Every structure is written in C-alpha cells, then in structure tokens.
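Values in this text are rule-based calculations from the coordinates and carry no lab data. Remember, it's a predicted structure, so these values are computed and weren't measured experimentally. A quick note on method: Cβ atoms are made from the backbone with ideal geometry, for glycine too, and the neighbour counts reach across all protein chains shown.
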Amino acid sequence: MISREEKQQILYTFNETASKSSYPPYKSLHQWFAGQAARTPDKTAVVFNHQQVTYRELDQRSNRLSRYLYRLKGDRDNVMIGICMDPGIYVTAAIWAILKSGGAYVPIEPNLPGERKKQMIRDTNIGIVLSEKQYEKDLDHLHLAKFPYDDLNMLSLPGLNCEPLQLDIRADDLCCVIFTSGVLALPGSGRGT
C-alpha cells in the first residue's frame, strides 16, 4: 500500500508535465505545427526512407493542399476526409492539410479488402479521399471526390498559394477517426479531438 501523499504525487504531481501557460488549451494541432515551422523553418520535419522534408516545405505543401481541400469541402467543420496512401512524407503533409482545412482525417489502410474500405467510408460519411492511383480501383464506384495525390506534385495546383487559411478551428474540433481491426470483435472506430 502507498500513502495518500505518494498516491497524490504519482497520480497528480508526476502527471503535471506542463504548466497551463506553456500549452494554452485554445491552440489546435495544426497551430502548434505552424508555430514550430515558423521557429525552425529549415530544420528537418520528417524523414522517411531516403526522403526528408523541412518544416517550411511541409508547411507550404500542407497549406496549398488545405486550400484545395477547403474548396472541395466548403465551409463545413469536422468533415471527414479519408487518406488511402502508403506511409511516407505525403501522408504527413495530407494529415496537416486536412486539419488546416477544418477537416478530420480517417486513415484507410490501402491493403484492406475493398469491402472493408467501403464500410469505413460509409460509416464515417467520407466525401473526399486522398489516395494514390494504385488504390483508386477500390473506390471507383463510390461517389467520392477522389484526389490522386501522386499526380499532384503538391506544389502545382493552379491558383493556390502557400499561405495558411485563416479559419476558426478550435482545439476541441474533431481531428481524426481511427478504426480498430476487429480481430477480437466487430470492427469499430474512435474519434479524437
């Protein structure tokens, strides 16, 4: 048994990892990222295999894509946008872009059976999917705005600049929906803010 003081220290004191002033509750994830990009623009943000991208590059790519996504989804909050891509730098840029556009991302494992992908899309009412060309065949018959991400070259979208959108995105807005595998029971999902 532990004393009341030890319990207090373990449960509360040790878990007080940041003061309220250093992590204001009103900042959303993408605002934290933008702050880091402004402080360290030329530092490496993501490394994947033999590729790497700086905070500036990642911020600009995600800003440009967020503008495109905003055009597709309109001025609606918490719109769920699927990502059906192999792991890599583009996935990171896609996640930030979705959050910056006021959407919530739903990762869709590319190698899942087609029926499982369709179920995830139906369950979350996804209307937009960022995918790589090789995974679009499973999505063809669904009425989605499909975005062949590997054709984008991320900086070639006409009429879209690299400046961030000025949206009122709150820290408690939906940011993602993650599905469980369903190995032990029926597949399900959890939502994160």
Subtracting the Cα-Cα distance from 0.36 nm times the residue separation, let me have the gained length for residue 167 to residue 56 in nm, one decimal.
38.0 nm
Could you name the aspartates and glutamates whose alpha carbon sits less than 13 Å from that of residue 27, not counting residues in the same chain fewer than 8 places away?
168, 172, 173
Per-residue counts of other Cβ atoms within 10 Å, averaged by peptide: what ranking do you get for 169-180, 62-73, highest first?
62-73, 169-180
Return the Rg/Rh value of region 1-134, two decimal places, where both radii are evaluated on C-alpha atoms and Rh is the Kirkwood radius.
1.10
What's the ranking of 3-11, 76-84, 131-139, 91-99 by average number of surrounding C-beta atoms within 10 Å, highest first?
91-99, 76-84, 131-139, 3-11
Can you tally the net charge around residue 160? Count Lys and Arg as +1, Asp and Glu as -1, for every other residue whose Cβ sits under 9 Å from the Cβ of residue 160.
+3
Can you list the aspartates and glutamates whose alpha carbon sits under 20 Å from that of residue 137, skipping same-chain ones fewer than 8 residues off?
86, 109, 115, 123, 150, 151
